[in-house]
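Undergrad: Sending over a structure as structure tokens; questions will come in a sec.
Computed from the coordinates by the stated procedures, all read-outs in this text should not be read as laboratory data. The model shown is predicted, which means the values in this text are computed figures rather than measured ones. In this analysis, Cβ positions are derived from the backbone assuming ideal geometry, glycine residues included, and neighbour counts consider all displayed protein chains.
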Amino acid sequence: MSEHNDDPSRPPIRKPGMDRLKTRPFERNLALTKLGFGAGSSIVAHSLRNMFRGSVSRDEANRDFYQQQAQILADELGQLKGSVMKAGQMLSLYGQYFLPEEAVEVLSTLQDDTPAVSWKFVRPVLEQQLGRDRLRELEIEEEPIAAASLGQAHRARRKRDGLELVVKIQYPGVADAIDSDIKTLSRLLLMSRLTPKGLDIQPIFAELREMLVQEVDYVAERRFTEDFARRLAKDRRFAVPQVIGDYSAARVLTTTYESGCSGRAPAVQRLSQARRDALGEAFFELFLTEFFDWGLVQTDPHFGNYRFRIGDDASRDQIVLIDFGATRRFDRTFIRSYACIVRGAIERDLKLMERGAREIGLIQAGFPKPAMQAFAEMCETIVEPFTDPAEGRIPEIMLTATGDYRWGESDLPMRAAQAGAKNALSVHFRVPPREIVFLHRRLAGVFVMLAHLRSEFSARSALLAALAKLDKT
């Protein structure tokens, strides 16, 4: 959840608020069950209408139908908030491997930038978690500066010294509703007939449940925030909020307020090419460090989780890192196997790619050669920016006169997504492990951020250095 507006001078967000949430299991199940019955009726009507359509109009009608079904689902999830909405967001990540494209597009719109809940609804959480005496030490703005599916953030000030804070409050009942929400959502997805016949979605929802449990664990998020702050303390390119333990608890997390603006903000876009290049390189190197060195990756690429603090000169520019609830740990075995795929793709070594993919569980024994070749082509597409320009694998338009990669001109995320979707249609590919899903979610976010910064730099040497360092550990 982003805790800042694009412009820190702007007032808090004032979207149409919600006076309450449907927090009791009966209420939430009833809302989703009604939605499920509506979906079932729509399917019957749609099937009957399709009996009288030609093949071309039938395909178009199917696309429209999938989009409508997914939109209805997304709208209801957005109103319910809580774990069921967050599960819908996560489902859009997995969904690219088994849901209709139209459904994925709609579910992908389930962002954390949602209507806030009224102050009278969240204040009792603060009183219960922190106590009234602690609360009297703070001046808290009732209008939130950000609202998400699982909670919302309010700006505050500590009275005794004026320290500016952000208080993140979890919505009441969210943690308790996870099991019920997951069961209901899985049934609803089956009723909507958006999933392929024969696909066992229970393992997918079991993983979604585990991830949701982590998302509502503010104690773990506190540890991750403190861990990132410690690891980056000596790297002046980055700033991490300080956790204020006196005002944090199981359902409340309070940190220092760190000013900054979005990568889309005019102040960032007006920076010189050299300064935007430096910010882009720092952003990319952070990802390499998180994954290959620490095995600890903040996997949510939402723009609001990364802010830019513009200094008087380039040496004072900083990237502010916010919200570590989606942080994932990767074990060394997985990292080394993934590195095999990356090396294989850069060197066009099919056996190396196959070895890494097999170790991770992306492919199984007896994987046919044509499918393996398609997988290799997808991997080679993804590593395009990290290849030697002399090889000619990078389109000329993507390179500067000095051989730097022009991230702002690259359509790589789109081409990689198309290659991934093509492979996902193959009967030989399975829904990938969650490690891959969330790692690639962050990697795609890195590419998008570099494109918005319009950075121009070669990322090859940084990646090769990270791989070489991994070999020595």
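Undergrad: Arrange SER455, SER248, SER118 by Cβ neighbour counts within 10 Å, fewest through most, would you?
TA: Listing SER455, SER248, SER118 from fewest to most nearby Cβ atoms yields SER118, SER248, SER455.
Undergrad: Let me ask you something else. Give me, ordered by chain and number, the residues 5 or more places off LEU399 or on other chains with an amide H under 5 Å from its own placed amide H.
TA: For LEU399, the qualifying residues are ARG406.
Undergrad: Give me the three principal axis extents of segment 273-349 from the C-alpha atoms, as integers in angstrom, largest value leading.
TA: Sorted from largest, the Cα extents of segment 273-349 read 45, 31, 18 Å.
Undergrad: What nm distance separates the two modelled labels at LYS183 and ASP217, each placed 7 Å from Cα along Cα→Cβ?
TA: Between LYS183 and ASP217, the label points sit 2.3 nm apart.
Undergrad: Would you work out the relative contact order for segment 277-394, in percent, from Cα pairs under 8 angstrom that are 6 or more residues apart?
TA: About 18 percent, as a whole number.
Undergrad: OK, next. Label points 7 Å out from Cα along the Cβ direction at ARG348 and MET414: separation in nm?
TA: Using points 7 Å along Cα→Cβ, the separation is 2.6 nm.
Undergrad: Still on this structure: Over 22 Å apart: what share of the alpha carbon pairs of segment 108-191 falls there, rounded to a whole percent?
TA: 37
Undergrad: Check VAL117: other-chain or 5+ apart residues with amide H under 5 Å from its amide H, H built from backbone geometry?
TA: Distant-sequence amide H within range of VAL117: MET18.
Undergrad: Provide the gained length on full extension for the span SER118 to ARG329, in nm with one decimal, where the gain is 0.36 nm per separating residue minus the Cα-Cα distance.
TA: Going from the current span to full extension adds 72.5 nm.
Undergrad: Points 7 angstrom from Cα along the Cβ direction at ALA468 and ALA444: gap in nanometres?
TA: About 3.3 nm separates the two model spin labels.
Undergrad: Per residue of segment 336-346, what does 6.51 cos²θ - 1.76 cosθ + 1.60 with θ = phi - 60° give for ³J(HN,Hα)? Whole Hz please, x for Gly and Pro, Karplus curve as stated.
TA: Those phi angles translate into 5, 5, 5, 4, 4, 5, 4, 4, x, 5, 5 Hz.
Undergrad: Now, a different point. Place a point 7 Å from Cα of ARG157 in the direction of its Cβ. Which residues in segment 213-254 have their backbone N less than 20 Å from it?
TA: In segment 213-254, the label zone of ARG157 (backbone N under 20 Å from the point 7 Å along Cα→Cβ) covers 242, 244, 247, 254.
Undergrad: Shifting gears a bit: Assuming a viscosity of 1.567 mPa s and a temperature of 4 °C, what translational diffusion coefficient in µm² per second does Stokes-Einstein assign to segment 260-473, Rh being the Kirkwood radius over Cα pairs?
TA: After rounding, the answer is 72 µm²/s.
Undergrad: Arranged by the count of other C-beta atoms within 10 angstrom, fewest first, what order do LEU467, LEU138 take?
TA: Least to most surrounded, the residues fall as LEU467, LEU138.
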